[in-house]
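See below for the structure under consideration.
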Amino acid sequence: MKTKIRNVLCAICCLLVAGAVAYMIYTDRQEEAAQTALAEELQAEARPYENQLQELRSELSDLEASVSYASEEARFLVGFLLSEVSDISYIEEKAAAYDFAPVLILDCTEELTEIEALVEAADADWEITLYASGFSEDVNDEVLAVMAWLDSVEREYADVFFLRDDFCTTSNLKLLQDDGFTGYTSYHSASPTEGQTDEGMVYFDYSYLTSSGTSVTSRISALYSGKTSMLVVFDMASINSGALSEAYVTSLFDTMQGYAEKEDCSFSTVTETVQRLSEVLAIEEENQKEYEEQAAALQEQIEALEETIADIYARLEY
């Protein structure tokens, strides 16, 4: 009899436990369903604000991207670092065979009488750019002497200095800027680039060729793809010695000429390149001002929408 009573009580307890468990499962599911329904309701309420937020963020991103001006043309500048008066005849032959305007590069550390002879033998329409293999305050004095002589004979020269990359220091750039130069050439190993320093000096890339083994074709291709500018410098002493073979030089000219015949590429001069670069930088500066003005208003709207959306989802209790 006691066993039967015990069994009945156990059965009752099991039923009670099962009922309690079933009830808990039922209430949990009800709560989950209620939470899911509330979440869907809040998502629907927040969706218009989220869509608007996405549009504003996209507009801000597009506005930021519009600051940079995309150049539409690549430019080759062809320079010759002169070593002797006979170099002029060689340059004349190349200028007659191809469509470039020669840029004569004068080494300011050479004797002034030698520099005078080179300038007097050159075509008066050819552009002159000054250069020094190294740079210091003493070298800068030599640069000033060459500038003074050019001014005295009323021979124009570009206000861009061909500065080797090892000497592109802040102090040297300051010296050049004090001399009246507004730009300089630089070197970037990855691919040609151009821009402006914090001090306001513009720069563009160069490739300095002293031997036939110098690989420049990949940089020429990168120049064209990036629609930037590059000064290709032929060292005349290396051409005269044979270190730069005529076959190699001709191959490079043929390559540049091929690109220059495309609508989005051309030969240029230092003055033209600096003018174009200055115009691009002015456009970007104006774009930056417009961006800052419009971005502030957009950011304010974005923050307000983010707060509204956060308040909506804050009503979802877990």
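Note on exposure: C168, C108 ranked by accessible area (1.4 Å probe, complete protein assembly) read C168, C108, with the most exposed listed first. Labels on offer are (1) 52, 45, 34; (2) 132, 44, 41; (3) 137, 49, 41, and the one holding Cα extents along the principal axes in Å computed from this structure is (2).
Classify the stretch 71-203 from the C-alpha gyration tensor, please: rounded if a/c falls under 1.5, else prolate or oblate depending on whether a/b exceeds b/c. Judged from the Cα gyration tensor, the stretch 71-203 comes out oblate (a/c at least 1.5, b/c at or above a/b).
Grab the beta carbon distance between S136 and D99, set R0 = 30 Å, and tell me the FRET efficiency rounded to 0.05.
Working from the Cβ atoms, E equals 0.20.
Summing charges over neighbours of S211, with a neighbour being any other residue whose Cβ is under 15 Å away from its Cβ, gives -2 when K and R count +1 and D and E count -1. Using a probe of 1.4 Å on the protein chains alone, the accessible area found for D99 is around 110 Å².
Compute the length gained on full extension between E306 and K262: take 0.36 nm times their separation in residues and subtract their Cα-Cα distance, giving the result in nm to one decimal.
Contour length minus Cα-Cα distance gives 10.9 nm.
FRET efficiency for the V153 to Y90 pair, using the beta carbon distance and R₀ = 35 Å, is estimated at 0.90. Note that the stretch 219-284 presents 39 Å² accessible area per residue, ligands and nucleic acids not counted, probe 1.4 Å.
Nearest 500 deg cm²/dmol is fine: what mean residue ellipticity at 222 nm does the chain get from its DSSP H runs of n ≥ 4 alone, each adding -39,500 (n - 2.57), divided by its residue count?
It lands at -20000 deg cm²/dmol.
The residues of the stretch 103-212 present an accessible area of 46 Å² per residue when probed at 1.4 Å with all protein chains retained. Axis of helix 270-313 versus longest Cα principal axis of the chain: the two differ by about 10°, to the nearest ten degrees.
Keeping the other protein chains in place, figure out the carbon and sulfur percent of the accessible area of the stretch 103-161, with a 1.4 Å probe.
For the stretch 103-161, the apolar C and S fraction of the accessible surface comes to 43 percent.
Full extension of the chain between A39 and D179 yields a length gain of 43.5 nm, computed as 0.36 nm times the residue separation minus the alpha carbon distance. In terms of the Cα gyration tensor, with a ≥ b ≥ c the square roots of its eigenvalues, is the stretch 150-218 rounded because a/c is under 1.5, prolate because a/b exceeds b/c, or oblate? Here the stretch 150-218 falls in the oblate category. Between 0 and 90 degrees, the angle of helix 246-260 with respect to the longest Cα principal axis of the chain falls at about 50 degrees. As I understand it, the value is the acute angle between the Cα axis of helix 112-121 and the longest principal axis of the Cα atoms of the chain; what does it come to in degrees, rounded to 10? Taking the Cα atoms of the chain, the angle to 112-121 is about 90 degrees. Length available on full extension from S61 to N287: 0.36 nm per residue minus the Cα-Cα distance, which gives 80.0 nm.
For R75, the solvent-accessible surface with a 1.4 Å probe is about 40 Å², rounded to the nearest 10.
The values are calculated or read from the model by the stated rules, or taken from the named source; none is laboratory data. Source: prediction; values computed, not measured. Please note: Cβ atoms are built from the backbone with ideal geometry, for glycine as well, and neighbour counts cover all protein chains shown. With ligands, DNA and RNA removed, areas are computed over all heavy atoms of the protein, side chains included. Shrake-Rupley method; radii C 1.70, N 1.55, O 1.52, S 1.80 Å.
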